[in-house]
Every structure is written in structure tokens, then in C-alpha cells.
Amino acid sequence: MEEELISVIVPVYNTRDYLERCFRSIVGQSYHNLEIILVDDGSTDGAGDLCDQLAEQDARVRVIHKRNGGLGSARNEGIAAATGAILSFVDSDDWIESGMYETMTGLMKQTKAQIVACGIMRVTEDGEISYYNDNLAERQVYNTEEALRELPKNEKLSNSMCNKLFCRETIDGLPINEEIFYEDNPFTPQCIARAERIAYTAEPFYCYFERNGSISRKGFSLREFDRVTADRMRLEFYHKNYPQCEDAAAIAYIGTCLNIYYQSRDCKEAAQKRNELKKEIEKALLQYPTLPFTQKQAAKVKLFQISPALYTASMKLRGK
């Protein structure tokens, strides 16, 4: 696996202020055999022009300019253009630590894994830092079913495509859904299902930058209901192909539904969708009556079953 070509796919949309930092973190990798594909997804802030300027600085860089189609569309375009045996995805407002590819390809070779995941460091615009997993020295190798059970927790392996290296055979022929946000949630498990081994290191090589203008920092948007759609698609995949792992996906799905039900409480435009979501939660709880919830998860479910209004009020009181 040493010296295999890694195709690094970077979707770019109106991130001119952050793109160069991302770019420098990739070209500065201690692993040099890279093909860097910058996919300008119809940027209007000059980021597309900056892509062309950056390409002049390093022969490993290619630029694709396309009409705006969203993150999934840009990633699909990058995958189609990639020639590497290994694929990596980096969002253009994030960055990666310099030893990421060297360490992860070494782990891929050592464990004979087809997918390798690393830890994620979350950095806010105010400089606050947190980690998806605080045990930064942890390493583990999963088989397919173990990884599929772990993935919906969104902790160690996480749902993100960006903290992973994928051997090409785990992705080829799998289109990313271009119609929804949170497209990683139904896509990543399909890739994992093609891998016999999935290696994980908690070292936080991937740096996720949480901008003040990001969805998570703004008021509720109707597009957040895409999280429900994405998790439902993932649950359907598990139900059809890996019923032995279905409980993990069902727990995550119900958790997402409850979170969106609460988060949408003050959005007048979401009233109809929220009512539909209430029915969906009730239906899911009937379909999965014996899920192994944690104590905290079970308390939320029970409160919702007693009264959705009481559940919402309780969450608000606790400042969730």
C-alpha cells in the first residue's frame, strides 16, 4: 500500500476566505503521492479563481469548474475524475494535520483495512476546541458488522466521509445522494459494507471548522429535516442488508427525530413537518419496542411518549 496514489477531493463553494488554509494543509502533507482535485461548485465569491491560482503552485492539483449542485454533486464529480487507488475528502473550510495521510496509509497497510478513520478535532471560530473521542491514543480494527454497529453512534468512526481514507473498491459505483444535506449518513455505511476491515485511530488529524455562519450556529432551517431523511435512508439500508445491526441504526434514527422535533419548536414554517415528524416518531417506537436505549435515551423516549409537549418543555428547561 506504500506510495499508492491518494486522490484528495475538495468541494469548493464560496469559501475563498478559508480555502488557502485548507489547501496548504493538503500540499504540506508528509505523504507526497497525492492527486488534489479542487471542485469549484459554482462559487460566486472568487473561490473558483483562487482554485486556478493555487493549481499553478503545485503540479499535483487539478481544478474542475461546474454549476452549483451542492456538496454531494461536487463530491460525485470529484470521484468521477479521480484516478487514485485511495480516496480522501476534505471540505474546503476545514484542514488536516500534516501527518494524516502518512499515518493512515501506514495503518491501512498494517491492518489490511480497506477503510481507515481518524479522530476529529472540532474548532469553533472563537477558538474553542473539542474532540469526538477524548481517548486520543485509541486504535481499533473492526470487521464489517462491528463497524456498522459503531457508525450510527457518530463517535469513534463518525458518519463523516472526511475523516477517512477509502480504498477505491469501497466507493466505485456508489453515487452520493445529491438531493439532501447530511448525505454522508446513508453513504458511508454502504462503503463500510464493502470493507472486510475498518481501522480506526483516535488521533485527531481532521480539523472540522465550525463557522459562526454555519447551519449549526444559525437559527433552525427547514433543511435540518434532511437529517431525518438521511437517517431514515440509512435505517432502510440496514433493515434490508444488515438486520443484525438494525438496532443501532434505529436508535440513532429515533434520536435524530427527537432532536429535530425539539429544535424545530419555534419555527412557524416547520409546523406541518413537525406534526408529520411526531407521527413518524410514534410509528418508529411501535416498530422497535425493545431497543437497547441508554438510560438517558430511554428517559427522553418515555417523556415523549407521555407527552410531546412535556418533552419539549423539559428539553427547553434543561437548556438543550
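The values are calculated or read from the model by the stated rules, or taken from the named source; none is laboratory data. For clarity, every value in this text was computed on a predicted model and none was experimentally measured. Reconstructed Cβ throughout: ideal geometry from the backbone, glycine too, with neighbour counts over all protein chains shown. The area values use the complete protein model at the heavy-atom level, side chains included, leaving out ligands, DNA and RNA. Shrake-Rupley method; radii C 1.70, N 1.55, O 1.52, S 1.80 Å.
Here is how the numbers come out for the structure above:
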{"quantity": "Top-ranked residue of the stretch 65-93 - restricted to ones that are open to solvent by 30 Å² or more (accessible area, probe 1.4 Å) and not in a helix (DSSP H, G or I), ranked as nearest to Cys167 (Cα to Cα)", "calculated": "Ala85"}
{"quantity": "First in the stretch 94-116 and closer than 10 Å to Tyr31 by Cα, second anywhere and of a type in the set (Phe, Trp, Tyr), Cβ under 6 Å, 6 or more apart", "calculated": "Met100/Phe205; Tyr101/Tyr31; Glu102/Tyr31"}
{"quantity": "Residue check for Tyr200: of a type outside the set (Asp, Glu) and not in a loop (DSSP other than H, G, I, E, B)", "calculated": "yes"}
{"quantity": "Matching residues in the stretch 1-28 - criterion: being part of a loop (DSSP other than H, G, I, E, B), open to solvent by 20 Å² or more (accessible area, probe 1.4 Å) and touching a residue at least 60 places away in the same chain (Cβ under 8 Å)", "calculated": "Met1, Glu2, Glu4, Leu5, Tyr13, Gly28"}
{"quantity": "Pro175 open to solvent by 80 Å² or more (accessible area, probe 1.4 Å) and either at pLDDT 95 or above or not small (Gly, Ala, Ser) (or both)", "calculated": "yes"}
{"quantity": "Candidate set: the stretch 274-320, residues that are of a type in the set (Val, Ile, Thr) and under 22 Å from Gln244 (Cβ atoms); chosen: the one nearest to the chain's Cα centre (by Cα)", "calculated": "Thr294"}
{"quantity": "Verdict on Lys296 being among the basic types (Lys, Arg) and exposed (fewer than 14 other Cβ atoms within 10 Å of the Cβ)", "calculated": "yes"}
{"quantity": "All positions within the stretch 29-62 that are hydroxyl-bearing (Ser, Thr, Tyr) and either closer than 25 Å to Glu178 by Cβ or free of Cβ contacts under 8 Å to residues at least 24 places away in the same chain (or both)", "calculated": "Ser43, Thr44"}
{"quantity": "Test: residue in the stretch 209-223 that is surrounded by 19 or more Cβ atoms within 10 Å (Cβ to Cβ), without any contact (Cβ under 8 Å) to a residue 60 or more places away in the chain and under 18 Å from the mean Cα position of the chain (by Cα)", "calculated": "no"}
{"quantity": "Count of the stretch 94-140 residues which are assigned to a loop (DSSP other than H, G, I, E, B), open to solvent by less than 10 Å² (accessible area, probe 1.4 Å) and among the small types (Gly, Ala, Ser)", "calculated": "1"}
{"quantity": "Qualifying residue in the stretch 186-200 (condition: farther than 22 Å from Ile79 by Cβ and surrounded by 21 or more Cβ atoms within 10 Å (Cβ to Cβ))", "calculated": "yes"}
{"quantity": "Subset tally (residues that are basic (Lys, Arg) and either open to solvent by less than 10 Å² (accessible area, probe 1.4 Å) or not in a helix (DSSP H, G or I) (or both)) for the stretch 141-171", "calculated": "2"}
{"quantity": "Subset tally (residues that are touching a Pro at 6+ places or on another chain (Cβ under 9 Å) and either touching a residue at least 60 places away in the same chain (Cβ under 8 Å) or of a type in the set (Lys, Arg) (or both)) for the stretch 133-159", "calculated": "5"}
{"quantity": "Qualifying position, being open to solvent by less than 80 Å² (accessible area, probe 1.4 Å), in contact with a helix residue (DSSP H, G or I) (Cβ under 9 Å, 6 or more places away or on another chain), more than 15 Å from Gln305 (Cβ to Cβ) and not β-branched (Val, Ile, Thr), among Ala249, Ala284", "calculated": "Ala249"}
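Residue-by-condition table, conditions (1) more than 21 Å from the chain's Cα centre (by Cα); (2) among the aromatic types (Phe, Trp, Tyr):
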position	(1), (2)
Tyr18	no, yes
Gly28	yes, no
Arg60	yes, no
Asn68	no, no
Thr83	yes, no
Ser88	no, no
